[in-house]
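Written below as structure tokens is the structure these notes are about.
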Amino acid sequence: MPETTQSSLLREEFNRWAEAGRGEGMEQDHLPITLPVLEKMQLAPTDNILDVGCGSGWLSRRLAKLVPQGRVVGMDVSDEMIRHARRASVEFDNLMFVAGEVAQIPWQPHFFSHIISVESSYYWPDPAAGIKDIFRVLRDGGSAWILINYYRDNPHCHQWGSLLAVPTHLFSGEEWSGLFLDAGFTNVTCAIPIAGGLHWPLVQGRGATERVQGRRRAAHSRRERIKQVAVSGPV
């Protein structure tokens, strides 16, 4: 399926979710896996953060409170979700929402200190292109985090794809890590629960969850930086 067609399907489907009020219920479902990661991110008050697939903005608002001198940008492919997010966030001065696609993030390079995406990346039409553009807008030394409960190593989720109205990607943790490495990330880690206990207790009573985290090189030459940006631009 062409990427433009898949993006249109995503926009239409999540616009329907927004109109049905489903965006407002995502916080209850996703907060348990997100709170431990917010602690791991070690946010500073001046950080700039991008929330990819922000939905109605529940996480973006939480992040805005944690970086009062910084900026939070929530981005979603659904313009209706963005309208809901804006209406619910008028009291925030350091928070804005934009409609956009992860493979073409509407922002300048090397701006964000941290980028996070919760239960969104398996919907992206081209995950490799999306992670490359995340790398493009992430500052040196910044970190990117993907949280998902739909991945190949979790057999309990495999039936979900057939129940959804849009295409999804059922990648393994190793495949997600490979996409980060291919995009230029270093210090990539993937934490997946295994038999006998959880590596990262991101889900409480909901089954297995995966976390993929990558960190950009802290320092590199100007020539190397230009090469990396050229490679990681929108596809």
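Given 0.36 nm per residue, what is the gain on full extension from R87 to E12 after removing their alpha carbon distance, in nm? Please list the in-between numbers first.
Numbers: separation 75, 0.36 × 75 = 27.00 nm, distance 1.99 nm.
Result: 25.0 nm gained on full extension.
Using only the Cα atoms of the stretch 1-160, build the gyration tensor, take square roots of its eigenvalues as a ≥ b ≥ c, and label the shape rounded, prolate or oblate: rounded if a/c is under 1.5, else prolate if a/b is larger than b/c, else oblate.
Numbers: a/c = 1.31, a/b = 1.23, b/c = 1.07.
It is rounded, given that a/c, with a ≥ b ≥ c, falls under 1.5.
Could you tell me how far the Cα centroid of the stretch 100-168 sits from the Cα centroid of the stretch 1-51, in Å?
The two parts, judged by their Cα centres, are 10 Å apart.
Starting from the exponent 0.38 and prefactor 2.2 Å, build the expected Rg for the stretch 14-101 from its residue count and divide its actual Cα Rg by it.
Numbers: Rg = 12.4 Å, N = 88, 2.2 N^0.38 = 12.1 Å.
For the stretch 14-101, the normalised Cα radius of gyration comes out at 1.03.
When a footprinting reagent is the concern and you count Cβ atoms within 10 Å, what order do I33, I116 take, fewest first? Show your work: numbers first, answer last.
Working: I33 22, I116 26.
Lowest to highest Cβ neighbour count: I33, I116.
Going by average Cβ neighbours within 10 Å, how do the peptides 44-55, 170-181, 95-106 rank, with the highest at the top?
Working: 44-55: 21.8, 170-181: 18.1, 95-106: 19.6.
Packing order, densest peptide first, comes out as 44-55, 95-106, 170-181.
Note down the nm distance, to one decimal, between modelled labels 7 Å out along Cα→Cβ at V166 and at D79.
Between V166 and D79, the label points sit 1.5 nm apart.
Quick note: the coordinates plus some simple rules give every number you see, no bench work behind them. Just so we're clear, the structure is a prediction, and the values are computed from it rather than from any experiment. Reconstructed Cβ throughout: ideal geometry from the backbone, glycine too, with neighbour counts over all protein chains shown.
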